[in-house]
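Structure, as structure tokens:
Every read-out reported here was derived from the displayed coordinates using simple, explicitly stated rules and does not represent laboratory data. Everything numeric here is computed off the predicted structure, so don't read it as measured data. With ideal geometry, Cβ positions are generated from the backbone for all residues, glycine too; neighbour counts draw on all protein chains shown.
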Amino acid sequence: MDRYPRMQTPPVCNYEGSDYQTSFWEEGNRAYEDAAEGVALGRLLPKQGRRLLELGAGAGRNTPRYHGFEQVVLLDYSRTQLEQARERLGSSMRYRFVAADIYRLPFAPGVFDGATMIRTLHHMADARKALDQVRQALQPGAVFILEFANKQNLKSILRYALRKQPWSPFSPEPVEFAPLNFDFHPGTVRTWLKLSGFAVERQLTVSHFRIGWFKRHVPLKLLVWMDSLASLTGDAWQLSPSVFVRARAVGIPKAESTEGEAFFRCPACGTGLEDSPPLITCAGCGRSYPAENGIYDFRVSG
């Protein structure tokens, strides 16, 4: 039984209109974090695959790293983030851009053989529900690369020992340190993955040196190399602020497949949808979803 409360309609963190890619990554002195994440993805991703779902794709920062997959579907709740991604990546048929709520994914069960969720779970008020949705979209044996913010990191442990923070880094429940920003305990995330139908295969700890002094005084290549060595201890312990997990989808999708070969399904009622831009109308509930300028919009209100 899940010990954490479940929500019927969890709140969504919306980056609509945000300059996150520019202000946080390009101008925020985060070349080290970006490179360290690239190393982790390189170690965990399959060499090749057919169709990958990138959850919380944002402006497509990581998308070029998924070169082994024939097709990449970028999903984000923010349409403006996807517009930035499309501008960055171009209109190649290899990429599909989908605006949707992660708690109501608009895909038929089992249509993906890979998925990633990087720097996204920490915005999930109901992480279990999100992971259930991801599992449903994956075929058995598919690889899922998940990154999460780790509450049991060395900085938090030290702050707790010095009584500079009230919450324990060792307790299993998530901590919301800012609105819709959560840190998670590694053991809890592993439990959620198992309950959602995943088997954890490997863990890497990342961004061990996410401290201003290191980034100012240690050359970037050396810092990334040091991090790449430290990350190999991830299966033994998880004490870094970021943890990457490679999990494998086991069993069968929880929902029955939609009829025919439908790729999309209605996020409101589950009916299979015909891919018919510029407007996709559900035969089951009558809702319509626009598909304009290469971006499918399956966001549902209410």
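Only Cα pairs under 8 Å and 6+ residues apart enter the sum, and on that basis the relative contact order of the chain stands at 19 percent. Going down the list LYS129/LYS221; LYS164/LYS221; LYS155/LYS221, which pairs span over 28 Å between their C-alpha atoms? With Cα atoms farther than 28 Å apart: LYS129/LYS221; LYS164/LYS221. Qualifying GluC sites (Glu not before Pro) in the stretch 3-95, where qualification requires a DSSP coil assignment and no more than 15 other C-beta atoms within 10 Å, comprise GLU16, GLU27. Relative to the dominant Cα principal axis of the chain, helix 220-230 is inclined by about 90°. The charge dipole of the stretch 20-260, taken about the Cα centre with unit charges on the Cβ atoms of Lys, Arg (+1) and Asp, Glu (-1), comes to about 500 debye, rounded to the nearest 20. In a solvent-free Debye calculation with one equal scatterer on each Cα, what is log10 I(q)/I(0) for the stretch 138-230 at q = 0.15, 0.18 Å⁻¹, listed in the order of the q values? Log-scaled intensity ratios, in q order: -0.77, -1.00. Taking label positions 7 Å along the Cα-Cβ direction at both THR22 and THR191, the computed distance is 4.4 nm, reported to one decimal.
In plain terms, the bigger the Kirkwood radius, the slower the diffusion; for the stretch 20-260, with that radius from Cα pairs, at 10 °C and 1.306 mPa s, Stokes-Einstein puts D at 86 µm²/s. Length available on full extension from THR271 to GLU292: 0.36 nm per residue minus the Cα-Cα distance, which gives 5.4 nm.
Projecting the Cα atoms of VAL245, PHE24, PHE170 onto the charge dipole of the stretch 20-260, computed from C-beta unit charges around the Cα centre, puts PHE170 farthest toward the positive end. Can you give the helix-only mean residue ellipticity at 222 nm for the chain, where every DSSP H stretch with n ≥ 4 adds -39500 (n - 2.57) and the sum goes over all residues, rounded to the nearest 500 deg cm²/dmol? Helices in the chain give a 222 nm mean residue ellipticity of -7000 deg cm²/dmol. The Cα atoms of the stretch 33-119 define a convex hull whose projected area, averaged across directions, is 5.5 nm². Shown is the FRET efficiency for LYS155 and HIS67, computed with R0 = 25 Å from the Cβ-Cβ distance and rounded to the nearest 0.05: 0.15.
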